[in-house]
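The values are calculated or read from the model by the stated rules, or taken from the named source; none is laboratory data. Quick caveat, the model's predicted, so the values are computed rather than measured. All Cβ positions, even for glycine, are placed from backbone atoms using ideal geometry, and neighbour counts span all protein chains on display. Heads up: the accessible areas ignore ligands, DNA and RNA and are worked out on the full protein's heavy atoms, side chains in. Shrake-Rupley method; radii C 1.70, N 1.55, O 1.52, S 1.80 Å.
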Amino acid sequence: MSASEFLFLFQITPIRRTGIRGLTIIDKMRHRWKRTSLIILILGMILVGCSADNSKPTVRQEHKITLTFRHFWTKEHDKAVAQIFEDVIRKFEVEHPHIKIEAEGIDQTFHREQKLKSEMVAGNPPDIFALFGGAEIEPYARADRLLDLTPFLKENNLYDQFIDLSLWTIDGGTYGLPFEGNAEPIYYNRTIFDKLKLTPPQTWDELLAIIPILKENGYVPFAIGNDERWPGAIFYHYLMQRRAGPALIDEIVQGTDTFETEAYMQATEDFIRLAALQPFTEHTNDKSKEFARQQFVSGKAALYMNGSWEINVLQGAATPSNFMNEVGVMNFPVFDASDSIANGLAGGYTIGLGVSANLKGERLEAALEFMKAVYTPEVQRRMVYEGLRLPSMNIMIEKQRTGPIFASLMELMLQTPHMFIPYDNKLPPAVQETFFNVTQDLLEGRTSADKALNQLQSAIEQYREVIRKGG
């Protein structure tokens, strides 16, 4: 029905007068106004219906861009970081209503060792995703799966804002950006040490000497849960670093040296000697890091080797009220106190975000806008004060706002002139797997130093052969 047809019908259709008679002039005027309003309303509905018949809408709907974002901040100690990302996404979507960020968080080990690898082979990774810099990203970058963010850094004057981009730089390109720094200290229970009149060990011999004392007094010397394999590997790379210094692992990766050296033989034998004292959580390869952490928090274990990412749990509401003041922070013991380079603290700027090289046009622009929203001083400050994570960008930190454990770690880092990249970030992924497996065997006393180093050397030779053949 057209508008003119409707008006004609409306004019000839009698209006019911029931209830009109006897009304005041004002009431009659109100009634006429209601009738006129009804006519206008119906006309509006007809006009909308007429436009609906048209194949071209009169109002253009704004296009919606959807980007996938995957992270691995899913554990108890990651809650604050996950919340920061949720807030960044919410604010970003308000400010960019045409862009939708579909976020998912999955287990870090599953993401890094299985899902992302298979996606990279197939060429369909998420649009933006968390990953580790160093050896892990090199095959992705060389296969053109990661976007080179060099132009993005230059256009936004961000190059000088990052503390260290070395693990993300390959042949002059930048294939990801660190979001947080990390360090791997030893946490120790001051109360236990004071009670037993023990001094935190600074040398290897001092460490070996306190283990039987702790065990005799009913304490687990070291709380470790190694079911994910990397926690135990921290011990191995510290011993390797202490015996050989930082250069050897780089030379091995570059193909100019071998695992089967005297220094690494000593380090492996040191590990075997330590494991023979049974200082670790029982059946450690079957235990989770959450189990180990609880042993330390409950006062059953005197020492806890892990990363700086644990601090927000150690200082958190779930721990005893004064526990944070009982926790000391120390570097791994040394063999030769004069060798400052070999005595560095493990850590670096390894954890960050990458962008898929598949993105083009407006989707690429949207992804880079999101990266701009993530890498800001405001977000970095929240990472420090809420997440208790080391920042990846140059910002001022007020230590009094971070709590005692974080402040102690910052002090330790200032006192330690050198840091070194954890070896699992140095080694190619295929060799990293062998490194983890060898560590498990060493913890359980299932292998010899010769056999362990031979396995590592065989793994890297096989890796080089695959690379040589272009596999």
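A few comments on the model shown:
- Residue check, G134 crowded, with 18+ Cβ neighbours inside 10 Å, at pLDDT 95 or above and closer than 20 Å to M419 by Cβ: no
- Test result for F72, open to solvent by 80 Å² or more (accessible area, probe 1.4 Å), under 17 Å from E228 (Cα atoms) and among the hydrophobic types (A, V, I, L, M, F, W, C): no
Let's see how each residue does on (1) open to solvent by less than 10 Å² (accessible area, probe 1.4 Å); (2) of a type in the set (D, E); (3) farther than 17 Å from T169 by Cα:
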site	(1), (2), (3)
I341	no, no, yes
L345	yes, no, yes
A357	no, no, no
F370	yes, no, yes
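- Restricting attention to the range 243-283, the residues that are modelled with pLDDT of 95 or more and touching a strand residue (DSSP E or B) at 6+ places or on another chain (Cβ under 6 Å) add up to 2.
- For the range 431-471, taking the residues that are of a type in the set (G, A, S) and crowded, with 16+ Cβ neighbours inside 10 Å, the one that is farthest from I234 (Cα to Cα) is identified as A459.
- Among residues of the range 87-133 being under 16 Å from E369 (Cα atoms) and among the acidic types (D, E), the one that is farthest from the chain's Cα centre (by Cα) is E95.
- Flag if A103 is at pLDDT 95 or above and assigned to a helix (DSSP H, G or I): no
- Among the residues of the range 390-431, none is identified as outside any helix (DSSP H, G or I), of a type in the set (D, E, K, R) and closer than 29 Å to Q114 by Cα.
- The range 371-390 residues that are free of Cβ contacts under 8 Å to residues at least 40 places away in the same chain and more than 15 Å from I351 (Cα to Cα), paired with ones that are of a type in the set (D, E) and open to solvent by 10 Å² or more (accessible area, probe 1.4 Å) (beta carbon under 7 Å, 6 or more apart): none
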